[in-house]
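Report on the following structure.
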Amino acid sequence: MSDHSADDARADDARAIDTYEVLIVGGGVAGLMAGVYTARASLDTVVVTADDPILTRNAHLENVPGFPAGVNPRLFLDMLRSQATRNGVDLRSGRVTRIDRVSDGAAADLPDARFVATVDRGDAVAAERVIAASWADAEYLEPLGVDLRAAGSKTYVEDDGLGRTSVEGVYAAGRIAERYHQTVIAAGHGAEVATTLIHDSAVPFYHDWVAPEGYFTDRGRDVPPGCEEVSETERRARERESMAAMREYFAEPHDERQRTHPSLVDDARGRLPEDE
Ligand SMILES: Cc1cc2nc3c(=O)[nH]c(=O)nc-3n(C[C@H](O)[C@H](O)[C@H](O)COP(=O)(O)OP(=O)(O)OC[C@H]3O[C@@H](n4cnc5c(N)ncnc54)[C@H](O)[C@@H]3O)c2cc1C
C-alpha cells in the first residue's frame, strides 16, 4: 500500500483547484450576461451553476428586446449559454457551498486568487473576483461576511448601486441583488455589474463596442481598449454566421418540457419537478 504523505495530500489539493480571474456563481440571465462581458474583456471567467434558472418556469417570454412575437424561455437560455461559451466563458455545473478568503488559509498557496469556492460536484474554484448571481441562495457568502438583507423567506445581497458588495472583490447581480424580477433587468444588471468589475480590474477598458472600419481610426483616433473596428467583409461574414445560427435555433419547437413552481409537482398537467 502506498504511503500518501501530507505533502502528497497538499499537492492533490492544489491540483483540485482551478484558478480564474472571475468566478460567477449562478448561470441564469444575470450570471450569463455578466460572463459574456467579463470574458469579452479578456478576463478568464468561469460560471458555476446549480439547478435550472428560474426563467425555465416562464411559459413564453414576451418582454425581452429583439423578439417581436416572444421566444421560448428555454430556447432563450440555450442561446444565452451558447453566447457565453462562444465568448470564452467556462460553464460548469455544480453548487457553490461556501467561499473563503485565500488568506484565511483555505488555499494559502494561490498567489493569483483572493477567494476560493467549494463546489459540491467537481473541483474547487479559486478567483480574484466573484460575482454572486445565484438567486435565491446567498448562504455561501456568509464565511466572507458579505452584508446580506433578510426579507421574509428571501435573502438579498446588499450592494453600492453598481454591484460592489461590502467585501472588496465580491459583486452581486440580478435578482439576488434585489433588482426587479424581470429578465431584461437581470440581464442588464449582469452586464452593468460586470462592467463595474472590469473597471475595478487592471484591464484597460473603454466600452465593449464593435464599430465599422474607420469609425475611430479615420478620425485620427486609436481604437479604444475593449472596442473593435471590423471591415465590410468581416461584417458580412458575421451577419451570415448569425443568420445561419438563428435559422437553426428557430427551425423546430424546443423539445424541453414546461417547468412550473416546485409546489405543483406531479399535478394533473404532468408538469416536471425542478430537479428532473
Ligand atoms: C413563472 C415565472 C414567469 C416569469 N416570466 C417572466 C416574463 O415573462 N418576463 C420577464 O421579464 N421575467 C419573467 N420572470 C422573471 C425572470 O425569470 C427572473 O427575474 C430572472 O430570470 C432572474 O434572473 P437571475 O439570473 O437573477 O436568477 P436565476 O435565473 O434564478 O439564476 C440564478 C441561477 O443561480 C443558480 N444558483 C443558485 N444558488 C447557487 C449556488 N449556490 N451555486 C451555484 N449556482 C447557484 C440557480 O440554480 C440558477 O440557475 C418569470 C419568473 C417566473 C418564476
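The values are calculated or read from the model by the stated rules, or taken from the named source; none is laboratory data. Only a predicted model underlies this, so the values are computations on that prediction, with no experimental measurement involved. Ideal geometry is used to build each Cβ from the backbone, glycine not excepted, and the neighbour counts take in all protein chains shown.
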Can you tell me which residue in the range 34-55 is nearest to Arg247 (Cα to Cα), limited to those that are in a helix (DSSP H, G or I), more than 8 Å from the ligand (Cβ to nearest atom) and touching a helix residue (DSSP H, G or I) at 6+ places or on another chain (Cβ under 6 Å)? Val36
Which pairs turn up if I take residues in the range 199-210 that are over 17 Å from Asp44 (Cβ atoms) and exposed (fewer than 15 other Cβ atoms within 10 Å of the Cβ) and look for partners that are acidic (Asp, Glu) and at pLDDT 95 or above with beta carbon separation below 7 Å, at least 6 apart in sequence or on another chain? Val210/Glu228
Could you say whether any residue in the range 183-198 is under 24 Å from Leu80 (Cα atoms), of a type in the set (S, T, N, Q) and either away from the ligand (no atom under 11 Å from the Cβ) or out of contact with any helix residue (DSSP H, G or I) (no Cβ under 9 Å at 6 or more places or on another chain) (or both)? yes
Residue set Glu232, Glu248, Glu241; condition over 27 Å from the mean Cα position of the chain (by Cα) and loosely packed, with under 15 Cβ neighbours inside 10 Å; output residue Glu232
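Taking Phe115 as the residue in question, decide whether it is within 15 Å of the ligand (Cβ to nearest atom) and either under 23 Å from Asp200 (Cα atoms) or not assigned by TED's automatic domain parsing to the domain that holds Ala187 (or both). Break it down into steps so the answer makes sense when it comes.
Numbers: within 15 Å of the ligand (Cβ to nearest atom): yes; either under 23 Å from Asp200 (Cα atoms) or not assigned by TED's automatic domain parsing to the domain that holds Ala187 (or both): yes.
In short, yes.
Could you pull out the residue among Ala59, Ala84 that is touching a helix residue (DSSP H, G or I) at 6+ places or on another chain (Cβ under 6 Å) and touching a residue at least 40 places away in the same chain (Cβ under 8 Å)? First the steps, then the outcome.
Numbers: Ala59 fails: touching a helix residue (DSSP H, G or I) at 6+ places or on another chain (Cβ under 6 Å).
One residue alone meets the criteria, Ala84.
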As an exercise: evaluate Leu80 against (1) under 21 Å from Met243 (Cα atoms); (2) within 14 Å of the ligand (Cβ to nearest atom); (3) part of a helix (DSSP H, G or I); (4) touching a strand residue (DSSP E or B) at 6+ places or on another chain (Cβ under 8 Å) and give the number of the one condition it does not meet. (4)
Any residue in the range 157-164 that is away from the ligand (no atom under 14 Å from the Cβ) and touching a strand residue (DSSP E or B) at 6+ places or on another chain (Cβ under 8 Å)? yes
Could you please find all residues in the range 128-145 being within 13 Å of the ligand (Cβ to nearest atom) and buried (at least 20 other Cβ atoms within 10 Å of the Cβ)? Val130, Ile131, Ala132, Ala133, Ser134, Trp135, Ala138, Tyr140, Leu141
So Thr260 fits all but one of (1) farther than 30 Å from His60 by Cα; (2) outside the structural domain of Gly27 (by TED's automatic domain parsing); what number is the exception? (1)
Output the residues belonging to the range 118-171 that are in a loop (DSSP other than H, G, I, E, B), touching a Lys or Arg at 6+ places or on another chain (Cβ under 6 Å) and more than 15 Å from Arg95 (Cβ to Cβ). Glu158, Gly169
Residues located in the range 171-186, provided they are aliphatic (A, V, I, L, M) and buried (at least 24 other Cβ atoms within 10 Å of the Cβ): Ala172, Ala173, Ile176, Ala177, Ala186
Within the range 11-46, residues out of contact with any Asp or Glu (no Cβ under 8 Å at 6 or more places or on another chain) and modelled with pLDDT under 50 come out as Ala11, Asp12, Arg15
